[in-house]
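Student: Let me give you the structure first, and then I'll get to my questions.
The values are calculated or read from the model by the stated rules, or taken from the named source; none is laboratory data. Being a predicted model, the structure only gives us computed values, none of them experimental. Quick reminder, even Gly has a Cβ in these numbers, built from the backbone with ideal geometry, and neighbours come from all protein chains shown. Heads up: the accessible areas ignore ligands, DNA and RNA and are worked out on the full protein's heavy atoms, side chains in. Shrake-Rupley method; radii C 1.70, N 1.55, O 1.52, S 1.80 Å.
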Amino acid sequence: SCRICYTKVDTSCGRYCCSVSGCDYIAHAHCATNKAIWYGTIIKEGYDERHGPSNLITDVIEQISIEEIMIASKIKHSYHQYHNLRLTFSGEIKDDSQCDGCMRPMSTPFYSCEQCKFVLHKNCAELSKEMRHPFHKHALTLTNSRTLDDYSSCDACSHWYQGFSYRCYRRGCSLNFDIRCMLMLDTSNHPSHDHSLFLEHNQQRNCSACSGTMEPWSVAYRCMKRCDYTLDVGCATLPPTAWYKYEKHPLTLTYSDDSEPS
């Protein structure tokens, strides 16, 4: 199947496929050259877009060995330059604590500041400076969009967020995606549906969850079976549990409701 439109590829015709041994990635020629996927630039073989360290850890101050693997236990990070961050593998975590990178609840392992409350999941501290993602055709750059009172809107899910994001800095293009969306893959096994969902570009459908109409340039997750189930990225990234200020108990996301409409 073509990894862009997920329909059958006739291998007797021209197509694009990965040349790396053991990789079976394949795409129709017209899918791979779609303007939503490819912007016309050919990257020379062996060209590396990265310059310097691949992530934003500017200095490794201390290291420890775990099962003969060296791990940075004390670092400096580009987005918290003045204080050191120390790695924690276990210990009590406050219920309301959240990562200053992805803004999700804290979990171990994480890096924390020795002098203030700044904390980062280990994975967030090690995020790549640049990343490519199926949501967008250009390379995206990691930025810190958190200020005291400023919120940004993710161009994939439309949710408001603070913290790190990936932004496109190409001329005439200023899209940005929060970390939650950047961790999404081109396929999804969502608990609301029995079949696998696949990422599609140029959606012009209604979301099966919220009934919202997607813009022509939108990406969404769609079932390729006859059921044609579609989830926009906003609904696909809803948290399974949420809290509301007028309700003391947590609320659980459900996918069907047999109760009365009221």
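Student: Counting only residues that are assigned by the TED database to the domain that holds residue 253 and among the basic types (Lys, Arg), give me the strands (runs of 3 or more DSSP E) lying completely in the stretch 121-192 with at least 3 of them.
Tutor: Where strands (runs of 3 or more DSSP E) fall fully within the stretch 121-192, none carries at least 3 residues being assigned by the TED database to the domain that holds residue 253 and among the basic types (Lys, Arg).
Residues are listed down the side, and each one gets a yes or a no for (1) open to solvent by 30 Å² or more (accessible area, probe 1.4 Å); (2) on the phi > 0 side of the Ramachandran plot:
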residue: 182; (1), (2): no, no
residue: 198; (1), (2): yes, no
residue: 202; (1), (2): yes, yes
residue: 219; (1), (2): no, no
residue: 223; (1), (2): no, no
residue: 235; (1), (2): no, no
residue: 239; (1), (2): yes, no
residue: 246; (1), (2): yes, no
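Student: OK, next. Answer yes or no as to whether residue 228 is charged (D, E, K, R), open to solvent by 40 Å² or more (accessible area, probe 1.4 Å) and on the phi > 0 side of the Ramachandran plot.
Tutor: yes
Student: Another question about this same structure. Would you confirm, using the coordinates I've provided, whether residue 253 is touching a Pro at 6+ places or on another chain (Cβ under 6 Å), at pLDDT 85 or above and open to solvent by less than 20 Å² (accessible area, probe 1.4 Å)?
Tutor: It is false that residue 253 is touching a Pro at 6+ places or on another chain (Cβ under 6 Å), at pLDDT 85 or above and open to solvent by less than 20 Å² (accessible area, probe 1.4 Å).
Student: In the stretch 105-125, what residues are over 18 Å from residue 80 (Cα atoms) and open to solvent by 70 Å² or more (accessible area, probe 1.4 Å)?
Tutor: Once the filter is applied, which keeps residues that are over 18 Å from residue 80 (Cα atoms) and open to solvent by 70 Å² or more (accessible area, probe 1.4 Å), the stretch 105-125 yields only 105.
Student: Out of all the residues in the stretch 1-17, which are over 23 Å from the mean Cα position of the chain (by Cα) and either surrounded by 15 or more Cβ atoms within 10 Å (Cβ to Cβ) or of a type outside the set (Lys, Arg) (or both)?
Tutor: Selection gives 1, 7, 9, 10, 11, 12, 13, 14, 15, 16, 17.
Let's see how each residue does on (1) open to solvent by 60 Å² or more (accessible area, probe 1.4 Å); (2) modelled with pLDDT under 90; (3) within 30 Å of residue 42 (Cβ to Cβ); (4) under 15 Å from the mean Cα position of the chain (by Cα):
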{"residue": "127", "(1), (2), (3), (4)": "no, no, yes, yes"}
{"residue": "136", "(1), (2), (3), (4)": "no, yes, yes, yes"}
{"residue": "140", "(1), (2), (3), (4)": "no, no, yes, yes"}
{"residue": "146", "(1), (2), (3), (4)": "yes, yes, no, no"}
{"residue": "149", "(1), (2), (3), (4)": "yes, yes, no, no"}
{"residue": "158", "(1), (2), (3), (4)": "yes, yes, no, yes"}
{"residue": "161", "(1), (2), (3), (4)": "no, yes, no, yes"}
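Student: All but one of (1) in contact (Cβ under 8 Å) with a residue 12 or more places away in the chain; (2) over 29 Å from residue 243 (Cβ atoms) hold for residue 68; state the number of the condition that does not hold.
Tutor: All conditions are met except number (1).
Student: State all residues of the stretch 51-81 that are part of a loop (DSSP other than H, G, I, E, B) and either open to solvent by 70 Å² or more (accessible area, probe 1.4 Å) or among the aromatic types (Phe, Trp, Tyr) (or both); if no residue qualifies, say none.
Tutor: Once the filter is applied, which keeps residues that are part of a loop (DSSP other than H, G, I, E, B) and either open to solvent by 70 Å² or more (accessible area, probe 1.4 Å) or among the aromatic types (Phe, Trp, Tyr) (or both), the stretch 51-81 yields 51, 53, 67, 68, 79.
Student: Can you tell me which residues in the stretch 59-80 are under 19 Å from residue 128 (Cβ atoms), out of contact with any Lys or Arg (no Cβ under 6 Å at 6 or more places or on another chain) and of a type outside the set (Val, Ile, Thr)?
Tutor: Result: 72, 76, 77, 78, 79, 80.
Student: Sticking with this structure for a sec: Mind checking whether some residue in the stretch 236-258 is more than 25 Å from residue 98 (Cα to Cα) and either assigned to a strand (DSSP E or B) or under 18 Å from the mean Cα position of the chain (by Cα) (or both)?
Tutor: Within the stretch 236-258, not a single residue is more than 25 Å from residue 98 (Cα to Cα) and either assigned to a strand (DSSP E or B) or under 18 Å from the mean Cα position of the chain (by Cα) (or both).
Student: Right, another one. Run down 16, 47, 25 and say which single residue is among the aromatic types (Phe, Trp, Tyr) and at pLDDT below 90.
Tutor: Only one candidate passes the filter, namely 47.
Student: Among (1) out of contact with any Lys or Arg (no Cβ under 7 Å at 6 or more places or on another chain); (2) more than 20 Å from residue 98 (Cα to Cα), where does residue 195 come up short?
Tutor: Here residue 195 clears every test but (1).
Student: For the stretch 3-12, give me each residue that is hydrophobic (A, V, I, L, M, F, W, C) and at pLDDT below 90.
Tutor: Selection gives 4, 5.
Student: Additional query: Only one of (1) open to solvent by 70 Å² or more (accessible area, probe 1.4 Å); (2) farther than 25 Å from residue 240 by Cβ; (3) in a loop (DSSP other than H, G, I, E, B); (4) not charged (D, E, K, R) is not met by residue 90, so which one is it?
Tutor: Checking residue 90 against (1) open to solvent by 70 Å² or more (accessible area, probe 1.4 Å); (2) farther than 25 Å from residue 240 by Cβ; (3) in a loop (DSSP other than H, G, I, E, B); (4) not charged (D, E, K, R), the one that fails is (2).
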